[in-house]
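Student: Just passing along the structure, written as structure tokens.
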Amino acid sequence: MYTRRELAAKGIDNKLLAALLKSGDLIRLRPGWFAIRSHDANVASAVRDGGVLTCVDALTFHEAWVPPGHDRRLHLRRNRGMRGKNKACTPLVGSLPTARCAVDSVEAALLCAARCLEMDEWIAVCDSYLHSGATTFEDLKACFGDSGAVVREWLGRTDGRCMSGTESMTRVRLQSLGFDVVVQPAIPGVGLADLRVGILVLECDSMLYHSSKEDYERDRRRDRQTMIDGWLTLRLTYDDIIYGWDQTLADIRAITKRDRHRARSREAKALVERSVRMTTSEGTLPSE
């Protein structure tokens, strides 16, 4: 996607522009905006409708993790004075600078996504972005600036140690209910797990990282070892977390209501203490 000014900077004058439009090598999307023959249809739709791609669509464009169910409409934002047929996304507080590119940055898209995503979904997207190493918490905080109390609160609950969106959503949901959740706990003899509540180990499988035969067999070996050592392991599938959370939460509560997750015996307390000692804030597994 190019603006007329960008094309002029590339040496494309009015005569050459007319020729490129006639040949189909360039397509006029709206006055002042053009696309090459092979362009992203979603981005083009946003530009044609007087805006730029933002929110969950821009996050998907940038290959960020986005929870399902938000592709029912086009997510775009418009500069002041622009009109179109699609509803525009806006930040929860204030406004964003005039868009100069056809696709918003991840940071700008996140500010708009705070209105379209639920709290746990938005935090999960931020966790994934932080975990990728593309930014830091401090840089993200600085980019958001005066984005309002809600965004500041949600940002304060992010944790870049989470390794998948489903893991993040499970963590946030349980923490919101008062559960003491440990992220990326070290399990002696096994390695790092996803989450831990007492001696209850929660493994949050994702569609991307648990699909091969090797992954399947490795996970079962880990589960056997944790059970032998005295841990309780609950393996949650992608669908359990995304589509069947009510029943999943009921299952977790069935365990915790009876205090089965609490370290009561001397052996169980020693197990937890060793895990705490081996777990670092950076989510690594150092040697003892």
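Student: Do the conditions hold for Cys162, that is, is it touching an Asp or Glu at 6+ places or on another chain (Cβ under 6 Å) and either part of a loop (DSSP other than H, G, I, E, B) or farther than 24 Å from Asp180 by Cβ (or both)?
Tutor: Working: touching an Asp or Glu at 6+ places or on another chain (Cβ under 6 Å): yes; either part of a loop (DSSP other than H, G, I, E, B) or farther than 24 Å from Asp180 by Cβ (or both): yes.
Considered against the rule, which asks whether it is touching an Asp or Glu at 6+ places or on another chain (Cβ under 6 Å) and either part of a loop (DSSP other than H, G, I, E, B) or farther than 24 Å from Asp180 by Cβ (or both), Cys162 comes out as yes.
Student: Only one of (1) assigned to a helix (DSSP H, G or I); (2) aliphatic (A, V, I, L, M); (3) in the same structural domain as Ala113 (by TED's automatic domain parsing) fails for Leu74. Which number is that?
Tutor: Evaluating Leu74 over (1) assigned to a helix (DSSP H, G or I); (2) aliphatic (A, V, I, L, M); (3) in the same structural domain as Ala113 (by TED's automatic domain parsing) leaves (1) as the failure.
Student: Does Leu200 count as over 17 Å from Tyr129 (Cβ atoms), surrounded by fewer than 18 Cβ atoms within 10 Å (Cβ to Cβ) and either outside the structural domain of Asp240 (by TED's automatic domain parsing) or touching a Leu at 6+ places or on another chain (Cβ under 8 Å) (or both)? Let's see the steps before the verdict.
Tutor: Values: over 17 Å from Tyr129 (Cβ atoms): yes; surrounded by fewer than 18 Cβ atoms within 10 Å (Cβ to Cβ): no; either outside the structural domain of Asp240 (by TED's automatic domain parsing) or touching a Leu at 6+ places or on another chain (Cβ under 8 Å) (or both): yes.
Answer is no for this residue.
Student: Give just the number: which of (1) surrounded by fewer than 20 Cβ atoms within 10 Å (Cβ to Cβ); (2) of a type outside the set (S, T, N, Q); (3) modelled with pLDDT under 95 does Cys116 not satisfy?
Tutor: (3)
Conditions (1) of a type in the set (A, V, I, L, M); (2) within 25 Å of Ser206 (Cβ to Cβ), marked per residue:
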| position | (1), (2) |
| --- | --- |
| Arg48 | no, no |
| Val52 | yes, no |
| Asp57 | no, yes |
| Glu63 | no, yes |
| Pro68 | no, yes |
| Cys101 | no, no |
| Ile123 | yes, yes |
| Cys126 | no, yes |
| Leu130 | yes, yes |
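Student: Consider Val125 carefully, then state whether it is in contact (Cβ under 8 Å) with a residue 60 or more places away in the chain, farther than 29 Å from Arg274 by Cα and either crowded, with 18+ Cβ neighbours inside 10 Å or not assigned by TED's automatic domain parsing to the domain that holds Ser265 (or both).
Tutor: Details: in contact (Cβ under 8 Å) with a residue 60 or more places away in the chain: yes; farther than 29 Å from Arg274 by Cα: yes; either crowded, with 18+ Cβ neighbours inside 10 Å or not assigned by TED's automatic domain parsing to the domain that holds Ser265 (or both): yes.
So Val125 fits the description; yes.
Student: Okay, moving on. Would you call Arg30 closer than 20 Å to Arg80 by Cα, out of contact with any His (no Cβ under 8 Å at 6 or more places or on another chain) and surrounded by fewer than 17 Cβ atoms within 10 Å (Cβ to Cβ)? Steps first, please.
Tutor: On the way: closer than 20 Å to Arg80 by Cα: yes; out of contact with any His (no Cβ under 8 Å at 6 or more places or on another chain): yes; surrounded by fewer than 17 Cβ atoms within 10 Å (Cβ to Cβ): yes.
So Arg30 fits the description; yes.
The values are calculated or read from the model by the stated rules, or taken from the named source; none is laboratory data. The structure displayed is predicted, hence computed values, not measured ones. Positions of Cβ are backbone-derived with ideal geometry, glycine not excepted, and every protein chain shown enters the neighbour counts.
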